[in-house]
Amino acid sequence: MISFLIYKTILVIVIFAVSLVVAMYSTYGERKIAAFMQDRIGPNRAGPFGILQPLADGVKMFMKEEIIPDVSNKALFILGPCIAMLTACMTGVVIPWGDAITIGGEKYSLQITDINIGVLYMFGVLSIGVYGVMIGGWASNNKFSLLGAIRASSQMISYEVAMGLSIIALVMMTGTISLKEITEQQAGGNWNMWNVVYQPVGFLIFLICAFAETNRTPFDLPECETELVGGYHTEYSSMKLGFYLFAEYINMFISSAVIATLYFGGYNFPFMHDLGLSENLITILGVVALFAKIFFFIFLYMWVRWTVPRFRYDQLMNLGWKILIPLSIGNIMLTGLITLLRQKYHF
Amino acid sequence: MMIKYIFYFLAFVSVFSALMVVVSKNPVHCVLYLIMCFFSIAGHYVLLNAQFLAAVHVIVYAGAIMVLFLFVIMLLNLNTQSEPHKSTWLKFAAAITSGLLLVILVGTLKGSETMVMPVGNPNAGLIKNLGNTLFKDFLLPFEVSSILFLVAMVGAVMLGKKEIK
């Protein structure tokens, strides 16, 4: 019992720390990639290649004067960024970061908890995430903040629907909503491909919705500077603003991990059982493979951000409700049909 | 043992937040307390080994419906000044009806502690068993209720349209 608790606590702390560090260095990565795409150098003053830049940014955020608007609702004003940060970190619990590691005959799984409703848990956390933005925007008592918050939450609700529908097709195919089992089904050998091969449309819809859920360009309407000053975090300063911005990067990391797990095989990598490696080595290489996939998707987020301009708001809503949702319903029907035919004719 | 304490904690949170929904002056606070209440009820579902129900409860009620509530209340910008004044006889009538409701509730629950609950399958709330029950034993009611939802959706879209061509 005690050893179990210690092992889980260590795992939670490690995953929490890793999420934070990855998110921290995503800010650095974003600035470097932006600089590369715009033919600039990017941050290069703090440490070699500017590697200490995120620390400098963090210190700056903490040192800034903290301003709480006089007429705002103080408790809710503080609660907003807390919820944003909390929900950003919560999803990491159900993601299988790797297979089990064997130490002294004991198997230690690298997933914090394998609840049998993994995907639904993810959606539950996602739907709470809206409140951070909404409460913060409302408590600021500023019309730009309120408009930004309303935009953000209506965007998130709209794209949540399409996201859920795109996952239903995947769940129909795999027959489980535990993320661990979905990963295990994608293990290599016998031409068993990653889910993206069987669900290309579902993957595209999920990816687009993930962009919208994390409020990244081309869907960063909530903080559209030209129309809304700063969106829902206009009134925020110091580390509370930092929390909102940081939560976005954690969300990006976690959603990349979810995409990698659901559609790109998670910690599986090609020929993992054919090279004659020991179990523990396979697990470690699997973690490395998962992180390689995650970093690729984080890079994709940044690549898109510095390539594509943002949508107009009506275009955003049309894309969500009139294109993605019918498309994902069509995808569900197609998946159902193929599953039925497969059962009937055994191919 | 642990579960017992968790239950007491959740029960306290749900009763407290439900009371605060009624007592709070600020409508936005009411909605937030209601969300808290929903979360504690989701916790009760988890204790009853019904994780699926808990997750769906959070997604649908706390995540979707309450967001719409918040939308409306934030946009209406309700505050104490704009609250409509209620006349004395209305308050009087409300007190009497709620008192009657209390009497009925106490009357129905009286003697329930001696009743023995039939013990069902403790895993009935797991997603596999729930799916089997819904799609085998209760297929027709399930489908009919989905049609009900569809009708409501179509109705909402019709009402939301500016003009019908």
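The values are calculated or read from the model by the stated rules, or taken from the named source; none is laboratory data. All values derive from a computational prediction rather than experimental measurement. As a convention, Cβ positions derive from the backbone with ideal geometry for all residues, glycine included, and neighbour counts pool all protein chains shown.
Quick grid of which residues meet (1) assigned to a helix (DSSP H, G or I); (2) crowded, with 21+ Cβ neighbours inside 10 Å; (3) in contact (Cβ under 8 Å) with a residue 12 or more places away in the chain:
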{"site": "A:Asn192", "(1), (2), (3)": "no, no, no"}
{"site": "A:Val196", "(1), (2), (3)": "yes, no, yes"}
{"site": "A:Val201", "(1), (2), (3)": "yes, no, yes"}
{"site": "A:Phe206", "(1), (2), (3)": "yes, yes, yes"}
{"site": "A:Ala212", "(1), (2), (3)": "yes, yes, yes"}
{"site": "A:Pro218", "(1), (2), (3)": "no, no, yes"}
{"site": "A:Tyr232", "(1), (2), (3)": "yes, yes, yes"}
{"site": "A:Tyr236", "(1), (2), (3)": "no, yes, yes"}
{"site": "A:Lys240", "(1), (2), (3)": "yes, yes, yes"}
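Looking across the stretch A:141-156 at every residue that is out of contact with any helix residue (DSSP H, G or I) (no Cβ under 7 Å at 6 or more places or on another chain) and farther than 26 Å from A:Ile325 by Cα, the one that is farthest from the other protein chains (Cβ to nearest Cβ) is identified as A:Asn142. Consider A:Ile6 carefully, then state whether it is within 30 Å of A:Gly104 (Cα to Cα) and loosely packed, with under 13 Cβ neighbours inside 10 Å. It is true that A:Ile6 is within 30 Å of A:Gly104 (Cα to Cα) and loosely packed, with under 13 Cβ neighbours inside 10 Å. Residues that are away from every other protein chain (no Cβ under 14 Å), touching a residue at least 24 places away in the same chain (Cβ under 8 Å) and within 19 Å of the chain's Cα centre (by Cα) are absent from the stretch A:61-69 altogether.
Regarding the stretch A:80-94, can at least one residue be identified that is touching a residue at least 24 places away in the same chain (Cβ under 8 Å), outside the structural domain of A:Ile15 (by TED's automatic domain parsing), within 30 Å of A:Thr183 (Cβ to Cβ) and not in a helix (DSSP H, G or I)? Yes, the stretch A:80-94 has at least one match. Determine whether A:Asp99 is assigned by TED's automatic domain parsing to the domain that holds A:Lys240 and either part of a strand (DSSP E or B) or surrounded by fewer than 17 Cβ atoms within 10 Å (Cβ to Cβ) (or both). Spelling it out, it is not the case that A:Asp99 is assigned by TED's automatic domain parsing to the domain that holds A:Lys240 and either part of a strand (DSSP E or B) or surrounded by fewer than 17 Cβ atoms within 10 Å (Cβ to Cβ) (or both). The set of residues in the stretch B:137-165 being part of a loop (DSSP other than H, G, I, E, B) and either at pLDDT 85 or above or among the aromatic types (Phe, Trp, Tyr) (or both) consists of B:Phe138 alone. Residues in the stretch B:79-88 that are in a loop (DSSP other than H, G, I, E, B) and either away from every other protein chain (no Cβ under 12 Å) or at pLDDT 70 or above (or both): B:Thr80, B:Gln81, B:Ser82, B:Glu83, B:Pro84, B:His85, B:Lys86, B:Ser87. If we scan the stretch B:119-136, do we find a residue that is farther than 23 Å from A:Asn116 by Cβ and modelled with pLDDT under 90? For the stretch B:119-136, residues farther than 23 Å from A:Asn116 by Cβ and modelled with pLDDT under 90: absent.
What residue, of A:Gly330, A:Gly265, is of a type outside the set (D, E, K, R) and part of a loop (DSSP other than H, G, I, E, B)? Going through A:Gly330, A:Gly265 in turn, the sole match is A:Gly265.
Of everything in the stretch A:157-170 that is at the interface with another protein chain (Cβ under 10 Å from one of its Cβ atoms) and modelled with pLDDT of 85 or more, the residue that is nearest to A:Arg310 (Cα to Cα) is A:Glu160.
Within the stretch A:262-297, the residues that satisfy the criterion of being under 30 Å from A:Ala149 (Cβ atoms) and not aromatic (Phe, Trp, Tyr) are A:Leu262, A:Ile294. Looking only at the stretch A:277-297, decide whether some residue is more than 30 Å from A:Arg31 (Cβ to Cβ), exposed (fewer than 14 other Cβ atoms within 10 Å of the Cβ) and in contact (Cβ under 8 Å) with a residue 60 or more places away in the chain. Looking through the stretch A:277-297, at least one residue is more than 30 Å from A:Arg31 (Cβ to Cβ), exposed (fewer than 14 other Cβ atoms within 10 Å of the Cβ) and in contact (Cβ under 8 Å) with a residue 60 or more places away in the chain. If the condition is being among the polar types (S, T, N, Q) and under 12 Å from A:Leu221 (Cβ atoms), then the stretch A:306-347 contributes only A:Gln315. Checking A:Tyr28 against (1) without any contact (Cβ under 8 Å) to a residue 40 or more places away in the chain; (2) surrounded by fewer than 18 Cβ atoms within 10 Å (Cβ to Cβ); (3) outside any loop (DSSP other than H, G, I, E, B), which single condition isn't satisfied? It fails just one condition, (2).
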